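Remarks on the structure that follows.
Rule-based calculations on the coordinates, nothing more; no lab input. Note that the structure is predicted; figures quoted are calculated from it, not measured. Here the Cβ positions follow ideal geometry from the backbone for every residue, glycine too, while neighbour counts run over all protein chains shown.
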Amino acid sequence: MLAYTIRRIAQSIFVLFVVGLVAFSMFRFVGDPVDNMLGQERTQEDVERLREQLGLDQPFIVQYFRFLEQAAQGNFGLSYRQGRPVAEILLERAPATLELAFVSGMMALAGGIALGIFTAIRRRGFGANVVMTLSLIGVSLPTFLIGILLIYLFSVELGWLPSFGRGEVVEVGGWTTGFLTASGLKALILPSITLGLYQMTLIMRLVRTEMLEVLRMDYIRFARARGLREKSINFRHALKNTLVPVITITGLQLGSIIAFAIITETVFQWPGVGLLFINAIQFVDIPVMAAYLMLISVMFVGINLIVDMLYFAIDPRLRADRTSGGH
Amino acid sequence: MTQTETPPTPAPVKAPSRLSRAWHSDLAWSFRRAPVAMISAFVVIVLVLSAVLAPLIAPHDPFNPATLNLMNGFTPPGEANAFTGDFFFLGTDDQGRDVFSTILYGMRISLFVGFAAVMLAMVLGVILGLLAGYLGGWTETIIMRVADVQLTFPAILVAMLIFGIAKGITPPEYRDQMAIWVLILAIGLSDWVQFARVVRGATLVEKSREYVQAAKLIGRSPLSIMLRHILPNVLNPVLVIATISLALAIIAEATLSFLGVGAPPTKPSLGTLIRIGQEFMFSGEWWILFFPAVTLLALALSINLLGDWLRDALNPKLR
Amino acid sequence: MKPALLLAVACAIATPAVSETFHWAGTTDPNTMDPHAGNSAPVLGFLNNIYEGLVRRGTDMAIEPSLATSWEPIGNGEGWRFILREGVTFHDGSDFNAEDVVFSYQRAASEASDVRSWFASVTDVVAVDDYTVDILTSNPQPIFPDSIANWMMMDSGWTMASSADLPAPGEGNFATLNANGTGPYVLAERQPGLETVLEPFEGWWGEERGNVTRGIFTPIDNSATAVAALLAGDVDMINPVPVQDADRLDGVDGVRLIRGTEARVIMFGFSQDKDTLFGTDDANPFLDVRVRQAVAHAINVPAILQTIMRGSAEPAAQLVGAEMNGFSEGLAMRPGLDLDRARALLTDAGYPDGFSFLLKCPNDRYINDESVCQATVAMLAQIGLDAQLDAIPVSNYWPELREDNYDMYLLGWSPGTFDAEHPFRFLVHTPQDNIGTWNFGGYSNARVDELIPAIQSEIDPVARQAMLDEVAATVQDDVVYVPLYIQPLLWGAADNIELTQRVDNFFILRWVTVE
């Protein structure tokens, strides 16, 4: 177990190195930050001095190792655009993204499980087929289009919900939350639906498939034969066995919710890390881009690692044999 | 640009013919009993055909700038333009391009990108999955860790990274033509992991089966075991994933175009058309967004419905 | 617990009935609060509410007294003397005097400053007494006061105490996030990229000020979202309104459109110092003035203005608009659309069948920039020119232009001094270290190079205008650029908001009244 753990962690760290290297090699193609930092009356001399000052005159490998060296000391540098520590900016933006991810994750989980059970139990029913078809409409439209349509309908035409931002936020111990104000809660609705719809469909389909598999199992048949009530079979036996893979997949999906938040945050001007990243690309704010990509990678690799370790702990035979159950 | 819309059938692999026949007749039987699948298939066929035959069907050639008249811009559908008197069935966009023709040509690009990207992802994923599952050891570790790296970034980010690098190293004069190939590469490379994981999982299961052990004992080469014994058994899930991936790839192309890293506006795909159209959503020119969006929805939805049906139909346990 | 808190917050929002909160949104967040670290319209425009210069521009853009009450030239063009306003205090309570002006000069003219170029001709700034300052120049600078309206005064004490004595555009410092000006509004809160809050400065010396008690600026970079926010009543004012949404905003109850003309001229430039077309060994046809003329006659500017710009923009014939100082009245006609003439010119130049070339454009810099270029591709196709359009984000655009990766390109220019000399200095003069820095095409004309410094130091307005006219005529005859149109200024505001629009796109909060 120990040897496996160490090996797995070493591999994860290596993965992070590679990710960083790829990311840094890309930065040069995004553009030149110096042009955005100086006004139209700047001279070539000004440009070169600033490039040198930022270390941009160095090859990207050198820039990368400088970044790693600093990052190892917990210092992600200063944002070109805002002139303050990137870590501070990320911490400031993180609550917005995490709250959005949490609400849409919960919505996806609750809605997905409920609809999944419904469609599994009434597999041949009309209602279930309608739900299945509707759910496909949700995944057949790009997220950004769903967001824009929701804004058009609920903000512009009906005027019920805010069109952008987080509304009024309250600061509780360094964490800004939108949960405590009416406008904050209202502001969460449209972005959460936009972000959660896709995951909800995924979970619904997963629950349905798992339920259908479980319902065919021998022990369920025995339970039926023993005359247990249908409801009790469905919920006490079938659902319980369904939930394990569902929770695993949801955990794995958490990362992709945060990543997909990029698009939702752009459409709704949601002040989270995703919007920060998109703005950083436009402005070629290399320190912010680097820190964001590293953060996301650490998160994904971490989730992967934990899941692997859990599987290993539960059943060594299953080691590394977790195939994606999403489809 | 030819459309290769032949579905990935197991034809190149000599699967046991009895199995194959049963498989097909079963599928056909299930198809006949699923009106949704039939309608979806019909829609897909119509859309694909009209995309392939776009040069014959489309009243205008939106990719030829010399034929455009800017004064035709923003003509509403079914009305004659106030200045030129020209008539357009679905209206025109900001450049005076016929929306109907542009959708047909745009769909051609979207479908081509989608098919090619899925093909790339599938070939890559199946090969790597087979190798990882069958050989194990270091090969497996490397392939699956690369898959981890890939999963580390969400598909859309991977695609953006690849797009960024490819655009950076392409000379500017080729960028217009390159954009489509870069999209294919970006989407294809961001999507192979799913195939690899499923194939590897199935390979691990099949590997321990008696018949594979037997084949090994009689000295069959690993290549022949992989191709003749393992591959046919993983084709069903691969086919299902490929269908759903096709819809996902078309949507990914649209999303990339929305983020401004997709097909250029001079040769727009459906996604580019939607990006252009959404700028005019509030100003009253709804048709520039509406028709491409509906086309995209119809295309993706019917492919998804087909994939859905296929998944159920190919999973005997669920029948 | 939770309902109670909810109630408390609701009350907090509802109670102060006298306060007039004003919410506005723009596409770009000012990237610094340091007036010497960023020379861009978003930064200088925003900081005009917090900081002040010796002079400022009024609603009609004319120079008027601000921290200086009067000024006069010294001797025969040796410099300018400014008499400072007495009794002015900074937001932190310290007094404003000549020492702060000298300090602000040293800071703004320092190597790391982004506004250094304004002081290229300044040799020294001397505090004659507490309220008199002499600014000495190496040669006569007749329009010097016009060129320093955005040179903002910082308090030497506050700046030194917070170790922000030099601007730091790269790494940032205390002044990047904090501000201490003399202006009508105090920086109450600064969350870069999210929200910036301004509140009135009670000790301000001036009187004309609207009734906004809390101004909140939010950057919204997606203009469709901004329009939705205005229509939904989430913000009171947005800048800009996308041209396509202008008419719709005009028709909606409760909001209105404020239409104006920006100082920015949009134009096409050409590669004029390379022998070959980009990426080929073919001779560069744009070296021939007839080819450039053909392009000018092939572009249907009225059609662009009517469809893509929706009738919101004015055509341009020169590098500046007619409202600018030094505009050449006799050269106000732009080349008309004449396809036959264009084809004839191409034939004369030896390209009867046209040629293929690379057209470079930004896709997120100017209003509908990409659409304009796309339309241009179609128009040039009419005379057989095959333009390969490469439209890219602005962060890549300037580096690509600097590396000469184009044959023809789109450029917008807004004269910072509101004077016709400004674009000549940057776009027409032969490129050198600190002049002609935006002349990417490399046009070079000895006579023009000779006239530009002469214009800069000419005191007699008639002689100056004659020289400006000569350069403008040369630029037109040589088709150094093909000016297309002057970019419109489109702001959207709720009906209960009174405001004034400035042609340089600066948003001045003290001109806002909430009714």
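Taking the Cβ-Cβ separation of C:SER110 and C:ASP275 as r and a Förster radius of 30 Å, what is the calculated FRET efficiency to the nearest 0.05? Computed FRET efficiency for C:SER110 and C:ASP275: 0.15. Computed from the Cβ-Cβ distance with R0 of 41 Å, the FRET efficiency linking A:ALA114 to A:GLU69 stands at 0.25. Note on C:508-514: average number of Cβ atoms from other chains within 10 Å of each residue's Cβ is 0.
With contacts taken as Cα pairs under 8 Å and at least 6 residues apart, region C:171-321 reaches a relative contact order of 13 percent.
Roughly how crowded by other chains is peptide C:370-381, in terms of the mean Cβ count from those chains within 10 Å of each of its Cβ atoms?
Mean partner shielding for this stretch: 5.
Remark: spin-label model distance B:ALA82-A:LEU21 equals 6.1 nm, labels positioned 7 Å along the Cα→Cβ axis. Each Cα pair under 8 Å and six or more residues apart adds its separation to the average, and for chain C the resulting relative contact order is 19 percent.
The HN-Hα couplings worked out from phi for region A:50-65 by the Karplus form 6.51 cos²θ - 1.76 cosθ + 1.60 (θ = phi - 60°) are 5, 4, 5, 4, 7, x, 7, 7, 7, x, 5, 4, 5, 4, 5, 5 Hz, whole numbers, x standing for Gly and Pro.
For B:THR67, neighbours were defined as the other residues whose beta-carbon sits under 12 Å from its Cβ, and their charges (Lys and Arg +1, Asp and Glu -1) total -2. How much FRET efficiency would the formula 1/(1 + (r/R0)^6) give for B:GLU210 and A:GLN58, where r is the Cβ-Cβ distance and R0 is 60 Å, rounded to 0.05? Computed FRET efficiency for B:GLU210 and A:GLN58 comes out at 0.50. Under 12 Å from the Cβ of A:GLN53, count the other residues' Cβ atoms, weight Lys and Arg +1, Asp and Glu -1, and hand me the total. Computed value for this residue: -4. 3J(HN,Hα) along region C:342-348, derived from phi through the Karplus expression 6.51 cos²θ - 1.76 cosθ + 1.60 where θ = phi - 60°, amounts to 4, 5, 4, 4, 5, 4, 4 Hz, with x in place of Gly and Pro. Summarising the amide proton neighbourhood of C:GLN388: residues at separation of 5 or more, or on other chains, whose placed amide H is nearer than 5 Å comprise C:PHE357, C:LEU358, C:LEU359. Peptide A:131-139 has a mean of 4 when you count, residue by residue, the C-beta atoms of other protein chains within 10 Å of its C-beta.
For region B:293-307, backbone phi angles converted through the Karplus equation (6.51, -1.76, 1.60; θ = phi - 60°) give residue-by-residue couplings of 5, 5, 4, 4, 4, 4, 5, 5, 5, 5, 5, 4, 5, 4, x Hz, Gly and Pro being listed as x. Under 5 Å between amide hydrogens, built in the peptide plane, is the criterion, and for C:GLY210 it picks out C:TRP511, C:VAL512 among residues at least 5 positions away or on other chains. Dividing the mean sequence gap of close Cα pairs (under 8 Å, 6+ apart) by how many residues region A:86-286 holds gives a relative contact order of 32 percent. Within region A:157-180, what residues put their amide N at less than 20 Å from the label point 7 Å along the Cα-to-Cβ vector of A:GLU88? In region A:157-180, the label zone of A:GLU88 (backbone N under 20 Å from the point 7 Å along Cα→Cβ) covers A:171-177.
Judged by the mean number of other Cβ atoms found within 10 Å, the most tightly packed of the peptides B:43-49, A:80-86 leads the ranking A:80-86, B:43-49.
Annotation: amide H of C:GLU262 within the under-5 Å range of C:GLN487, C:LEU489, sequence separation 5 or more or interchain, hydrogens built in the peptide plane. Each of A:ALA182 and C:VAL462 was given a label point 7 Å from its Cα along the Cα-to-Cβ line. The distance between the two points is 7.1 nm.
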